[in-house]
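One structure below.
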Amino acid sequence: MPNIKLVIQYDGTDYSGWQKQPSMVSIQETIEDAIFKVTGEKVNLIGAGRTDKGVHAQGQVANFITNSNIPADRFKYAINSNLPEDIRIIESEQVHDSFHSRYDAKGKKYTYTIFNGKILNPIYRRYSYHVPYELNLNDMNQAAKYFLGTHDFSAFMSSNSSVKSTIRTLYHVELKKDGDLIYVSLQGNGFLYNMVRIIVGTLVEVGTGKLTPSSIVHIIESKDRKKAGHTAPAKGLCLEKVYY
């Protein structure tokens, strides 16, 4: 039975998130329904990450097992013809039987977009966090460096999350400004629930002067969620790539 790997792009605005939930429209279920229309099979689509409501993706990865004899590279076209316009499969291929999109993932890259202008350009209303006041980008970049490396990121995890370990490694954290847009890029071996959004919220508070860049060290050491900044809105977050 072929194991098919998909690379997926989506606008998460109108969905409850990746994971199936009762009486809600999810990315996972929408794609599973499209696969059913193509193959007649009720598959279990395994995603590399469970993006939240409103979060977007340029490179989500998922896999499923099928009895279908459709050529693997043609699946993307067949599935796309049964998907709404805000979800697209950009790659489809057959992979080893043991491949698991979630457990085999070695890391992920996220980008968070901040619109830092006084008046929000409506083009970006679904894809950015509007911060209308001036931000000190130099301080934010200095603060970002303290996140690099291996740390216990308990202070940057939502309180209703339960995981075996809160230790994660960030390989890359960078801020770039392009006009009114500030892009925050983060790459690591894994991310806790709402970790990126809390890091961004904390960086915004550094940018406004509410926190100092060096305070990041103390927040990490405290392991106390209350000491970190606010959780930035979901709509600014995009899963860019999953590494294997």
| note | Of those in segment 78-107 that are among the charged types (D, E, K, R) and touching an Asp or Glu at 6+ places or on another chain (Cβ under 8 Å), the residue nearest to Tyr193 (Cα to Cα) is Asp86
| Pair list, Cβ < 8 Å and 6+ apart or interchain, from segment 140-156 residues that are at positive phi to residues that are of a type in the set (A, V, I, L, M, F, W, C) | Gly149/Leu170
| Between residues in segment 193-220 that are free of Cβ contacts under 8 Å to residues at least 40 places away in the same chain and within 18 Å of Leu148 (Cβ to Cβ) and residues that are among the charged types (D, E, K, R) and part of a helix (DSSP H, G or I), which pairs lie under 8 Å by C-beta distance while being six or more apart or on different chains? | His218/Lys227
| task | Output the number of residues of segment 41-95 satisfying the condition of being over 12 Å from Ile4 (Cα atoms), in a loop (DSSP other than H, G, I, E, B) and either open to solvent by less than 30 Å² (accessible area, probe 1.4 Å) or not polar (S, T, N, Q) (or both). | result | 13
| Does Val38 qualify as being without any contact (Cβ under 8 Å) to a residue 24 or more places away in the chain and either open to solvent by 10 Å² or more (accessible area, probe 1.4 Å) or on the phi < 0 side of the Ramachandran plot (or both)? | no
| Looking only at residues in segment 166-199 that are part of a loop (DSSP other than H, G, I, E, B) and open to solvent by 50 Å² or more (accessible area, probe 1.4 Å), which one is farthest from Val131 (Cα to Cα)? | Asn189
| task | Identify the single condition in (1) open to solvent by less than 70 Å² (accessible area, probe 1.4 Å); (2) over 16 Å from the mean Cα position of the chain (by Cα); (3) at pLDDT 95 or above that Thr150 does not satisfy, given that it satisfies every other one. | result | (1)
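The values are calculated or read from the model by the stated rules, or taken from the named source; none is laboratory data. Just so you know, these numbers come straight off a predicted model, no measurement behind them. Please note: Cβ atoms are built from the backbone with ideal geometry, for glycine as well, and neighbour counts cover all protein chains shown. What goes into the accessible areas is simple: the full protein's heavy atoms, side chains included, and nothing from ligands, DNA or RNA. Shrake-Rupley method; radii C 1.70, N 1.55, O 1.52, S 1.80 Å.
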